[in-house]
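Okay, structure first, notes after.
The values are calculated or read from the model by the stated rules, or taken from the named source; none is laboratory data. The shown structure was predicted, so the numbers you read here are calculated from the model rather than taken from an experiment. Every residue, glycine among them, receives a Cβ derived from its backbone with ideal geometry; neighbour counts consider all protein chains shown. Just so you know, the surface numbers come from the protein's heavy atoms only, side chains and all, with ligands and any DNA or RNA stripped out. Shrake-Rupley method; radii C 1.70, N 1.55, O 1.52, S 1.80 Å.
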Amino acid sequence: AVVSTQSTGAKGYHDCEIFKKEQFGFINNRLCIGCLKPKSLSEICEEFECPPMEGIGITACGFEARRVLGAKWAVTPIDTTDKEKGQTEAYWRLFKYINKANEQGARIAKTAYLVNRWFFDDDFKIESAQMALYIPSALQGSPPRPTDDLVTVERWDDAITYNRVFGGDKFNNPGRTKTHFKFLRRALRQESIVWYRKMKMTFEYIKPGCGDQRNEVMLVDESSMQD
């Protein structure tokens, strides 16, 4: 179940004042606030099934801390030589998987919860990337096998993630994404939280219209990546 975030609004946390000022400025921070407000996660999870997750009781500004419980995901690589094309191709592989491109010929879902994972080498250059789709709970026990060799089913263990959220229709914008990762790292340092530095994650929910988007940047607690 997704923990309610009503007390802290659609983001699920209170933002740090310094981040508000740096992002919007004193003059522009009132422009199109309705369109910049992200869609709440609880609304999105009413539309399709989200992975089981829970709050872990960290109250700090600038991010939300969650424990994402262990589950099975359909995973496919992203070609990082052309990230835009690679993401598009990865998306369609997963879309086909949930729409009968599996050994049972089953329509698993119309749409699903998707995340991207970006892996880095020791020089913090992108080494590889994945797109992953949460397999609905009704099929967790025995997920249909993909017919595409580039799609695999993996079980991911419990993980603690630190999430920062932004809205707006200018999704997949490297500049905005980079800014929010910067803010997230600063917020975690303020709390002396150590994250795994060789992976970043992103989540995007995009629909036309004002205030109907949600973008999340995520870092994983270092302890969650230990063998």
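Here are a few things to note about the model shown:
- Oblate is the label for region 48-150, because a/c, from the alpha-carbon gyration tensor with a ≥ b ≥ c as root eigenvalues, is 1.5 or above and a/b does not exceed b/c.
- In the chain, helices alone account for a calculated mean residue ellipticity at 222 nm of -7500 deg cm²/dmol, with every DSSP H run of four or more residues adding -39,500 (n - 2.57).
- Over region 104-209, relative contact order from alpha-carbon pairs under 8 Å, at least 6 apart, %: 35 percent
- The structure-derived value of Rg and Dmax of the Cα atoms in Å appears in the list [x] 20.2, 64; [y] 17.5, 56; [z] 19.1, 61 under the label [y].
- Contact order relative to length of region 98-139, as percent, for alpha carbon pairs under 8 angstrom and 6 or more apart: 31 percent
- Within a Gaussian network of the chain (alpha carbon springs, distance under 10 Å), most fluctuating of G57, G211, G167: G57
- Around the Cα centre of region 82-145, unit charges on the Cβ atoms of Lys, Arg, Asp and Glu (plus for the first two, minus for the last two) sum to a dipole of about 560 debye.
- Dipole magnitude for the chain: about 660 debye, using +1 per Lys or Arg Cβ and -1 per Asp or Glu Cβ, origin at the Cα centre.
- Most to least accessible of R145, R66, R117 (protein chains only, probe 1.4 Å): R145, R117, R66
- Accessible surface area normalised per residue over the chain is 54 Å², counting heavy atoms of protein chains with a 1.4 Å rolling probe.
- In the context of the full protein assembly, L139 retains an accessible surface of approximately 50 Å², using a probe radius of 1.4 Å and ignoring ligands and nucleic acids.
- When nucleic acids and ligands are ignored and a 1.4 Å probe is applied, K100 ends up with an accessible area of around 110 Å².
- Cα gyration tensor, region 152-227 - rounded (a/c under 1.5), prolate or oblate: oblate
- For the chain, with +1 on Lys and Arg beta carbons and -1 on Asp and Glu, the positive-most of Y13, G105, G141 along the dipole: Y13
- By accessible area with a 1.4 Å probe, ligands and nucleic acids excluded, highest first: order of Y196, Y113: Y196, Y113
- Cross-linked pairs K96/K207; K110/K198; K39/K100: Cα-Cα separations exceed 26 Å for K110/K198; K39/K100.
- In Å², nearest 10: area of F166 left accessible to a 1.4 Å probe: 10 Å²
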